[in-house]
1. For the range 149-160, which residues satisfy the criterion of being surrounded by 15 or more Cβ atoms within 10 Å (Cβ to Cβ) and either outside the structural domain of ASP187 (by TED's automatic domain parsing) or in a helix (DSSP H, G or I) (or both)?
2. For the range 161-196, name all the residues that are without any contact (Cβ under 8 Å) to a residue 12 or more places away in the chain and either more than 21 Å from LEU219 (Cβ to Cβ) or surrounded by 14 or more Cβ atoms within 10 Å (Cβ to Cβ) (or both).
3. Scanning the range 79-97 for residues that are among the aliphatic types (A, V, I, L, M) and in a loop (DSSP other than H, G, I, E, B), which turns out surrounded by the most Cβ atoms within 10 Å (Cβ to Cβ)?
4. Take the residues in the range 216-235 that are within 18 Å of the chain's Cα centre (by Cα) and part of a helix (DSSP H, G or I), then tell me which one is farthest from GLY139 (Cα to Cα).
5. Report every pair of residues separated by at least 6 positions or lying on different chains whose Cβ atoms are under 8 Å apart, first residue within the range 123-135 and of a type in the set (Val, Ile, Thr), second assigned to a helix (DSSP H, G or I).
6. If ILE231 satisfies every condition in (1) surrounded by fewer than 18 Cβ atoms within 10 Å (Cβ to Cβ); (2) in contact with a helix residue (DSSP H, G or I) (Cβ under 6 Å, 6 or more places away or on another chain); (3) of a type in the set (A, V, I, L, M, F, W, C) but one, which is the exception?
7. Residues ARG212, ARG163, ARG173: which one is in a strand (DSSP E or B) and over 20 Å from TYR15 (Cα atoms)?
Amino acid sequence: MAIFADYADYYDVLYQDKDYPGEVDFIHGLIQSHRPQARTVLDLGCGTGRHSSLLVQKGYSVQGIDQSVAMLAKAEARRASLSPALAENLQFEVGDIRELTLDRKFDVVLLLFHVLSYQISHQDLLATLTTVRQHLQPGGILIFDCWYGPAILTDPPLVRVKRAETDSLQITRISEPQLMVNDNCVDVHYQLFIHDQKASTIQMVQEVHQMRYFFAPELSLLLQQCHLQEIARGEWMTGLPLSQHSWSTYFIAQECN
């Protein structure tokens, strides 16, 4: 089953409470600390383009890539809502981040909202990081967030229920995680119940998202194999040092010859 297929129709509704402006402020701060002269950004796994569209408002030129046509349709609609001056600095393109070849390099590459955690196999991880390396300017940086292994094992994921609504829709999402401890993975089984109040219908959508969690030495080795050197790490959004309670983390790596 392809992930973010039917799910894509309800993605922005489910994450309407996500602090995208705060996250972009945080990312902007990291860029200013580690690559202050940066002007161009490659957003791999950009989804519906919410990070990308906010980054252009920070003065960056952004190229977004995603393999989901449904997600990119929403990203293009978001781009169309921007002023012409901002829209010309934002482009979206369908592509597989494991095989991407663009005829340009960037100051910053982003893998946000756990895009790297969706790369389950070593082969996919190395392919994705190779894509990053090939598209970075000399001395450019990669910023990514991911699930952190010590926290996953200390505080395993639980069944959760999330509710969201619009003027016409009521959505209930049940997330049932299955910890695959010997594979460093969590299989998250999603069930969405969508109540369309205008049409008086209820639809059910099911998807399984496989998520990999990482340990710092493992990531350092993977980065080194792709000629990337870790230069910073911390807890996502707080910047605190990583601990066994840091479920979501960020790492920054730099292109090295």
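The values are calculated or read from the model by the stated rules, or taken from the named source; none is laboratory data. Keep in mind that this is a model prediction, so the values were computed, not measured. Here Cβ is always computed from backbone atoms with ideal geometry, including for glycine, and neighbour counts include all displayed protein chains.
1. GLY149, PRO150, ALA151, ILE152
2. Passing the criteria: ARG163, ASP167, GLN178, MET180.
3. From the range 79-97, those among the aliphatic types (A, V, I, L, M) are 80, 82, 85-87, 90, 94, 97; that's our starting set.
Among the residues that remain, those that are also in a loop (DSSP other than H, G, I, E, B) are: 82, 97.
Numbers: LEU82: 15, ILE97: 25.
Once the filter is applied, the top-ranked residue is ILE97.
4. Initially, the range 216-235 is screened for residues within 18 Å of the chain's Cα centre (by Cα), giving 219, 223, 233-235.
Subset that is part of a helix (DSSP H, G or I): 219, 223.
Working: LEU219: 19, LEU223: 14 Å.
Filtering the range 216-235 for residues that are within 18 Å of the chain's Cα centre (by Cα) and part of a helix (DSSP H, G or I), the one farthest from GLY139 (Cα to Cα) comes out as LEU219.
5. That search, which allows pairs on different chains as well, returns THR128/LEU116.
6. Here ILE231 clears every test but (2).
7. Details: ARG163 fails: over 20 Å from TYR15 (Cα atoms); ARG173 fails: over 20 Å from TYR15 (Cα atoms).
Checking each option against the conditions leaves just ARG212.
To keep it simple, each residue is scored yes or no on (1) over 16 Å from TYR7 (Cα atoms); (2) modelled with pLDDT of 95 or more; (3) of a type outside the set (Lys, Arg); (4) not assigned by TED's automatic domain parsing to the domain that holds HIS245.
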site	(1), (2), (3), (4)
GLU165	no, no, yes, yes
SER175	no, yes, yes, yes
MET180	yes, yes, yes, yes
ASP183	yes, yes, yes, yes
ALA199	yes, no, yes, yes
GLN206	no, no, yes, yes
LEU219	yes, yes, yes, no
GLN225	yes, yes, yes, no
